[in-house]
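See structure below.
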Amino acid sequence: MLKTEALTQAVIEGDADTVAKLAAEALAAGLPPAEILDRGLMPGMDVVGKRFGAKQMFISEVLLTARAMHAGLAVLKPALAAQEATGGPRPVVVLGTVRGDLHDIGKNLVAMMLEAGGFQVVDLGTNVPLDRFTEAVRTHRPAVLGLSALLTTTMREMKRTLDGLRQAGVMDHVKTVVGGAPVTEDFARTIGADGWAPDAPTAVATMKRLLQTV
Ligand code: B1M
């Protein structure tokens, strides 16, 4: 079995130790981190998503797969960071999953790729209420605010968050980018976000484009 297939299987089984070990072995064998992500880790989460949606997996099992995914991402992080752009001040991104939403795997991946892409990330975590976003924007004065949501119900919280931040008068020089599985480009436009991205690499490219650093 190819290492990436074994990695996929270990994610599905929620076996964090094996995921970390196989990811490290794949790196040592010279596989690029992006390929380990795309061919090893992500297909595992795709299978988990389908099984979870079809009620063939319990939440407790999905939590194990999330832990396994995080273990794999932790192994890849230094390799991705090694590709980090050097020189010049790094634009700050304040990032978080909106209130009511506990999903963080995709948001963490976005954070990792932003750091690898030369951004400084202030990650507020999950279930972030408006007042924490407001305080973080006031304190860190980011170039970009990134919001993530994985539930159709919490997508609405993105609008509430952006509206609240604008009303607080802290968004004058801050670009906004939103993403997460149910979030579409149309939805992003209707809530007045400056950008939308379907995945982590596009999130980096979108923020760079918005800041005209490329
Ligand atoms: Co949840 N969950 N979950 N869950 N979960 C989904 C999202 C779901 C689609 C599963 C399903 O039914 N098929 C479904 C949502 C249905 C809907 O809203 N229409 C669902 C549900 C219903 C729920 C609960 C309500 C279940 C329940 O309690 N009955 C509950 C809600 C909890 C809450 O948040 N309040 C719940 C709980 C959980 C766990 C805690 C068990 C766990 C999360 C653990 C964790 O994150 N630490 C979990 C998981 C793991 C999933 C699935 C299986 C996988 C999500 C994931 O990590 N994908 C998911 C099914 C699925 O998505 N297929 C599901 C991998 C990740 C790399 O992709 O997050 O999409 P993703 O991120 C991508 C892009 O979306 C994008 O880039 C990332 C990387 O490429 N992106 C951005 C993300 N954020 C971005 C921000 C950007 C730009 C791009 O700019 C700032």
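The values are calculated or read from the model by the stated rules, or taken from the named source; none is laboratory data. The structure displayed is predicted, hence computed values, not measured ones. As a convention, Cβ positions derive from the backbone with ideal geometry for all residues, glycine included, and neighbour counts pool all protein chains shown. What goes into the accessible areas is simple: the full protein's heavy atoms, side chains included, and nothing from ligands, DNA or RNA. Shrake-Rupley method; radii C 1.70, N 1.55, O 1.52, S 1.80 Å.
Total residues in the range 70-91 satisfying the condition of being more than 8 Å from the ligand (Cβ to nearest atom), over 30 Å from H173 (Cα atoms) and modelled with pLDDT of 90 or more: the figure is 6.
For (1) more than 8 Å from the ligand (Cβ to nearest atom); (2) touching a Lys or Arg at 6+ places or on another chain (Cβ under 7 Å); (3) at pLDDT 95 or above; (4) more than 17 Å from R90 (Cβ to Cβ), each residue gets a yes or a no:
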{"site": "H173", "(1), (2), (3), (4)": "yes, no, no, no"}
{"site": "G180", "(1), (2), (3), (4)": "no, no, yes, yes"}
{"site": "E185", "(1), (2), (3), (4)": "yes, no, yes, yes"}
{"site": "T190", "(1), (2), (3), (4)": "yes, no, yes, yes"}
{"site": "A193", "(1), (2), (3), (4)": "yes, no, yes, yes"}
{"site": "W196", "(1), (2), (3), (4)": "no, no, yes, yes"}
{"site": "T213", "(1), (2), (3), (4)": "yes, no, no, no"}
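Among the residues of the range 3-18, is any within 19 Å of K77 (Cβ to Cβ), touching a Lys or Arg at 6+ places or on another chain (Cβ under 7 Å) and assigned to a helix (DSSP H, G or I)? Within the range 3-18, one or more residues are within 19 Å of K77 (Cβ to Cβ), touching a Lys or Arg at 6+ places or on another chain (Cβ under 7 Å) and assigned to a helix (DSSP H, G or I). Here K50 fulfils each of the conditions (1) modelled with pLDDT under 90; (2) surrounded by fewer than 16 Cβ atoms within 10 Å (Cβ to Cβ); (3) part of a helix (DSSP H, G or I) apart from (1).
Comparison of R39, R67 shows that the only residue that is within 12 Å of the ligand (Cβ to nearest atom), open to solvent by 70 Å² or more (accessible area, probe 1.4 Å) and in a helix (DSSP H, G or I) is R67. Scanning the range 19-34 for residues that are assigned to a helix (DSSP H, G or I) and open to solvent by 60 Å² or more (accessible area, probe 1.4 Å) yields K21, E25, A28. Screening R138 against (1) farther than 15 Å from A197 by Cβ; (2) within 10 Å of the ligand (Cβ to nearest atom); (3) open to solvent by 10 Å² or more (accessible area, probe 1.4 Å) leaves a single unmet condition, (2). Number of residues in the range 92-119 that are more than 13 Å from the ligand (Cβ to nearest atom) and at pLDDT 95 or above: the value is 1. Filter the range 141-153 down to residues that are over 28 Å from P78 (Cβ atoms) and more than 7 Å from the ligand (Cβ to nearest atom) and give me whichever is most open to solvent (accessible area, probe 1.4 Å). Filtering first and then ranking leaves R141. Report, by residue number, each residue of the range 169-191 that is of a type in the set (G, A, S) and open to solvent by 40 Å² or more (accessible area, probe 1.4 Å). The answer is G169, A181. If a residue must be small (G, A, S) and open to solvent by 30 Å² or more (accessible area, probe 1.4 Å), how many such residues does the range 192-214 contain? Qualifying residue count, the range 192-214: 2. Of all residue pairs spaced 6 or more apart or on separate chains, those with beta-carbon atoms under 9 Å, a first member in the range 45-57 that is near the ligand (Cβ under 6 Å from one of its atoms) and a second member that is open to solvent by 100 Å² or more (accessible area, probe 1.4 Å) and of a type outside the set (G, A, S) are F52/F58; F52/I59.
Residues of the range 120-135 that are within 14 Å of the ligand (Cβ to nearest atom) and hydrophobic (A, V, I, L, M, F, W, C): V121, V122, L124, V128, F133.
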